[in-house]
Amino acid sequence: MPDLPSNPMLYQINTRVLMRSISGLLGRPAGFDDVPDETLSALKTLGVDWVWFLGVWQTGAAGRTISRTNPDWQEGFRQALPDLTPDDICGSPFAIAGYTAEAAFGGDAALARLRARVNRAGLRLMLDMVPNHMALDHPWVTAQPSLFIQGTEADLADARANWVRLGAGIFAHGRDPYFSGWPDTVQLDYANPETQAAMAKTLLSVADACDGVRCDMAMLLLPDVFERTWAASLAGRMVAPFWPAATRAVRAAHPKFLFMAEVYWGLEHRLIEDGFDLSYDKALYDALQAGDAGRVRALLAVDPAAQAHLARFLENHDEARAAAAFDWPRHQAAAMLAFAAPGLRFLHQGQLEGMRVHIPIHLDRGPDEPVDEAVLAFYRHLLPVLDEPVFRQGRYEPLSPSPAWDGNPSDQRFIAALWHDANGPRFLLVVNYGPDRGQCRVRANLADGLVTLTDRMHAERYTRDGAEIASAGLFLDLPPWGFNLFSLGI
């Protein structure tokens, strides 16, 4: 396959929801072989490079039972799906009972055929790995219990939400340092070299089945994070770094393999240093959702080479739907900033259609929702522009808007950037990321003569003097959450 562009696009699919939908159309249980080639071709037409099938691995009865009986989760399930039935609750795909493809979907052989079809469509296949924990009924729990964090009767009595009795042993639930344990999981012990070896082997087996992997909560394995989370259980044992050697081993077998980290708490750069190609940009998402223009401006002004390692999103399976989290004018402005920036452009199943209901990962069915035609039309307009070579392979240059006149501070809400190809600047993006009308000037070296600015998202076209843009700056007056994406005729 040809090399990926510098700024690729990924589309996330909830495999279990997709299979349930296809099953309804076919009148029988669907598997990987039933994913239509037309679906894959349509994604390629949108400019997608990666398709992430979330939840292809085997889960177990223990996880489903907990999902169906945990009272803390039921209200959320019913909010998403008012006509919920037990059959809609399939269990979390992050409580993995084995890294073999779900038998009900055709198993490993059918997954391999799906990968081949994905690749023939010009796409790459991304799958999950959950390195921090396993399902309660993973075979290692009984065959190799030493691979997990184990505790005492006192632990179970003191923090029942974080511990579980399995057979004759007491095991820790998987968790992060800030929340109680996930009750359908058991925590792997990364202070044990045998655990690290077993998980490195598991990662290699996952890499054999796909072109890239998204690693769930990847920062939990960083030695200092793991030791802080499990200090009381480690009894002074130290944790060796896992990711550097594990990612090197995979690339020795698969040189072009891609690693994407789900990572929070400002630890993105550390995961990149440890061998990941991409990390979640939760900081930008949070700033966009908060409407914090100053923070957005600062994040998009850092070194573009560093930004190229970030995955930009407005929603995913963990976050609220963009159509619900952002009112419509701000949704558009946020999409312009997130997706016309360097890095991976990360789209989620249902986002383009304006779906509003977040489907919990424990469910394999969502509600029937009408397509929001305005949202769909916006993305159908935007994505072909972002598929142009300058946005996929070009150079990003952050700009610094300045006041339109003395005493007018509204320029502080503006974010601007140029996109260059080998011949010079080709696009100018300007966004007023705020709830009030604003004005600014944007200085940029475009040309000595006249410059034609054609807004590719609106029916606007202007001719301006390049020397004036370089000296006094281009004057812009935009409504709340307004934006221009100008192609530059020079």
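Just so you know, all these numbers are worked out from the coordinates, no wet-lab data involved. Computed from a prediction, not measured in an experiment: that's the story for all the values here. For neighbour counting, all protein chains shown are included, and Cβ atoms are generated from backbone atoms with ideal geometry for every residue, glycine included.
Structure above, values below:
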| item | result |
| --- | --- |
| Under 10 Å, Cβ to Cβ, from Gln12 - net charge with Lys/Arg +1 and Asp/Glu -1 | 0 |
| Integer Hz, Karplus 6.51/-1.76/1.60 couplings in order for the range 137-143, x for Gly and Pro | 9, 5, x, 5, 4, 9, 7 |
| Surrounding net charge for Gly449, when Lys and Arg each add one and Asp and Glu each subtract one, Cβ distance under 15 Å | -2 |
| Integer Hz, Karplus 6.51/-1.76/1.60 couplings in order for the range 212-221, x for Gly and Pro | x, 9, 9, 9, 5, 6, 4, 6, 5, 8 |
| Cα-centre dipole for the range 181-221 with unit charges at Cβ (Lys and Arg positive, Asp and Glu negative), debye to 20 | 60 |
| Cα-centre dipole for the chain with unit charges at Cβ (Lys and Arg positive, Asp and Glu negative), debye to 20 | 560 |
| Sequence-distant residues sharing a close amide H with Trp52 (under 5 Å, placed H) | Tyr11, Gln12, Ile13, Met126 |
| Sequence ranges 168-179, 327-338, ranked by mean other-Cβ count within 10 angstrom, highest first | 327-338, 168-179 |
| For Ala135, net neighbour charge (Lys/Arg +1, Asp/Glu -1) across residues whose Cβ lies under 14 Å away | -4 |
| Under 13 Å from the Cα of Lys282 - aspartates and glutamates, other chains or at least 8 residues apart | Glu262, Glu268, Glu315, Asp318, Glu319 |
| ³J(HN,Hα), Karplus 6.51/-1.76/1.60, whole Hz, each residue of the range 89-105, x for Gly, Pro | 9, 9, x, 6, x, 9, 9, 8, 8, x, 7, 10, 5, 3, 4, 5, 9 |
| Sorted by Cβ density within 10 Å, fewest first, the residues Glu262, Glu373 | Glu373, Glu262 |
